[in-house]
Amino acid sequence: QVQLVESGGGLAQAGGSLRLSCAASGRTVARYAVGWFRQAPGKEREFAAAISWRDSTTYYADSVKGRFTISRDIAKNTVYLQMNSLKPEDTAVYYCAHTIGTPGSKSDYYTSAAYAYWGQGTQVTVSS
């Protein structure tokens, strides 16, 4: 089992920044991906960003590209989501997710079904 714990959520002003952290504990695998998904009230959970743990290749939704940056700290088993130029539409619960192995195709990075482990989420609220 892999346990994921998110932190860093809170309230930000439009145009401001927040940095989310996802710390992993328990058993890990040699090759896997870590993603961030978000869910706003009344909407389905959607992909935001992902990273390949092995080679640091990154993937972003068009809605966050250029504003959000995903990164990893191997020594700390932690993935970060730096969110800049925040907009009210970024308001959501943000979830960290971990695949059980390296995705079989590029499209898998964008798909929630490819992720086996999920954190409990952290609330991000952006005011105008």
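The values are calculated or read from the model by the stated rules, or taken from the named source; none is laboratory data. Being a predicted model, the structure only gives us computed values, none of them experimental. Neighbour counts are summed over all protein chains in view; Cβ atoms, including those assigned to glycine, are modelled from backbone coordinates with ideal geometry. Only protein heavy atoms, including side chains, enter the accessible area calculation; ligands, DNA and RNA are left aside. Shrake-Rupley method; radii C 1.70, N 1.55, O 1.52, S 1.80 Å.
Each residue in region 52-79 was checked for being of a type in the set (G, A, S) and at pLDDT below 90, and 2 pass.
For region 59-69, a residue qualifies if it is open to solvent by less than 10 Å² (accessible area, probe 1.4 Å) and either farther than 18 Å from Q123 by Cβ or assigned to a loop (DSSP other than H, G, I, E, B) (or both), and exactly one does: V64.
The residues listed here are Q3, Q82; of these, the one that is assigned to a strand (DSSP E or B) and either modelled with pLDDT under 95 or more than 11 Å from the chain's Cα centre (by Cα) (or both) is Q3.
For T91, indicate whether it is open to solvent by 50 Å² or more (accessible area, probe 1.4 Å), polar (S, T, N, Q) and modelled with pLDDT of 95 or more. Reasoning before the result, please.
Values: open to solvent by 50 Å² or more (accessible area, probe 1.4 Å): no; polar (S, T, N, Q): yes; modelled with pLDDT of 95 or more: yes.
It is false that T91 is open to solvent by 50 Å² or more (accessible area, probe 1.4 Å), polar (S, T, N, Q) and modelled with pLDDT of 95 or more.
Report yes if some residue within region 24-31 is part of a strand (DSSP E or B), aliphatic (A, V, I, L, M) and at pLDDT 95 or above; otherwise report no. Checked region 24-31: no residue is part of a strand (DSSP E or B), aliphatic (A, V, I, L, M) and at pLDDT 95 or above.
Within region 78-88, the set of residues being touching a residue at least 60 places away in the same chain (Cβ under 8 Å) and open to solvent by less than 30 Å² (accessible area, probe 1.4 Å) comprises L81, M83, L86. Quickly run through region 41-58 and pick out the residues that are open to solvent by less than 40 Å² (accessible area, probe 1.4 Å) and within 21 Å of K76 (Cα to Cα). A49, A50, I51, S52, W53 - these are the residues of region 41-58 that are open to solvent by less than 40 Å² (accessible area, probe 1.4 Å) and within 21 Å of K76 (Cα to Cα).
Tell me, yes or no, whether region 96-105 has at least one residue that is assigned to a loop (DSSP other than H, G, I, E, B) and in contact with a Ser or Thr (Cβ under 9 Å, 6 or more places away or on another chain).
yes
Hey, can you tell me all the residues within region 94-107 that are open to solvent by 10 Å² or more (accessible area, probe 1.4 Å) and among the hydrophobic types (A, V, I, L, M, F, W, C)?
Correct list: I100 only.
Checking A61 against (1) over 12 Å from the mean Cα position of the chain (by Cα); (2) over 21 Å from Q3 (Cβ atoms); (3) aliphatic (A, V, I, L, M), which single condition isn't satisfied? Unmet condition: (1).
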